[in-house]
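Some notes on the structure that comes next.
The values are calculated or read from the model by the stated rules, or taken from the named source; none is laboratory data. Source: prediction; values computed, not measured. Cβ sites come from the backbone with ideal geometry, for glycine too, and all protein chains shown count toward neighbours. Side chains included, ligands, DNA and RNA excluded: accessible areas come from the protein's heavy atoms. Shrake-Rupley method; radii C 1.70, N 1.55, O 1.52, S 1.80 Å.
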Amino acid sequence: MFPELNNLLNTTPDRAEQGKLTLLCDAKTDGSFLVHHFLSFYLKANCKVCFVALIQSFSHYNIVGQKLVNIVELRGAVPSTWVTQGVSLTAARECGQLVFLEGLKSSVDVFFRAQAAPHPLQFLREADAGNLQPLYEFVREALKPVGDGQAAWRCPVLLVDDLSVLLSLGLGAVAVLDFVHYCRVAVCWERKGNIVALVHDSGDAEDEENDILLNGLSHQSHLILRAEGLATGFCRDVHGQLRVLWRTPSQPAAQRDRSLTYQYKIQDKSVSFFAKGMSPAVL
């Protein structure tokens, strides 16, 4: 995870909120660094995580997770010693903290292997793609409360990378929104957990399905992080800007929204954030 982003959001793994829907959005840039941040964040927070990964392989997320900087202090060390630690997705999966659905690999199983039970991505084989109930049942089963004698996790978390892929596979925006709604009921309301989902903003005015999905999720979200490319084009020292919008859906719009905008630079093991026009390269 990125400590600077935690500072901007005024949170830490020890103080992670519950019952929230966080929408990640990217436009004319790659917002996957936000997915890696929240995956690492919730694993560090000792949450049970169900990760529906439709873009990259398990090894990709695992390698990035181990590289991310997480600065911790070694207690008892004299003088104070600080070290950097990443997260191991392999270890998290082996201990039962992480349930990982690898979309790239699972799609092969759907088409070429017999299934005793409906596969979470069963809609890939259906002529009328629109039924995400098997995927919902997979999420609900993965995040069900643990029994006696098993590790007790802090709260359940559903992470999806990314929902736009479902539209590309033939699903309609309404079907995807229904899936998110049922997941919110099961994860956020019944079990006081969180949902984090990435959606691409194609910027295409003719892509009505993507607009419906993005607008529908925006109205339901408590926190929106929108990564955008620079209007001026490529810059070596500033890779884009991040708009952060805090929302309280139950209140009138004039009272519920608060937003800030930062620019950022992606580095090898972290991301640095700064106010617009305050890049060290500019100063």
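List the strands (runs of 3 or more DSSP E) that sit entirely inside the stretch 211-283 and contain at least 1 residues that are modelled with pLDDT under 80 and either touching a helix residue (DSSP H, G or I) at 6+ places or on another chain (Cβ under 6 Å) or open to solvent by less than 80 Å² (accessible area, probe 1.4 Å) (or both). Give the derivation first.
Values: elements: 223-228, 240-246, 258-266, 271-275.
In the stretch 211-283, no matching strands (runs of 3 or more DSSP E) lie anywhere.
Residues to consider are Val35, Val49; find the one that is in a helix (DSSP H, G or I), modelled with pLDDT of 85 or more and closer than 27 Å to Trp246 by Cβ. Lay out the reasoning, then the answer.
On the way: Val49 fails: in a helix (DSSP H, G or I).
It is Val35.
Where the second residue is assigned to a loop (DSSP other than H, G, I, E, B) and of a type outside the set (Val, Ile, Thr) and the first is over 16 Å from Val139 (Cβ atoms) and modelled with pLDDT under 95 and lies in the stretch 190-204, which pairs have Cβ atoms under 7 Å and are six or more apart or on separate chains?
Within 7 Å, the pairs are His200/Asp162; Gly203/Lys28.
In the stretch 12-32, what residues are farther than 22 Å from Phe100 by Cα and in a strand (DSSP E or B)?
Passing the criteria: Asp26, Ala27.
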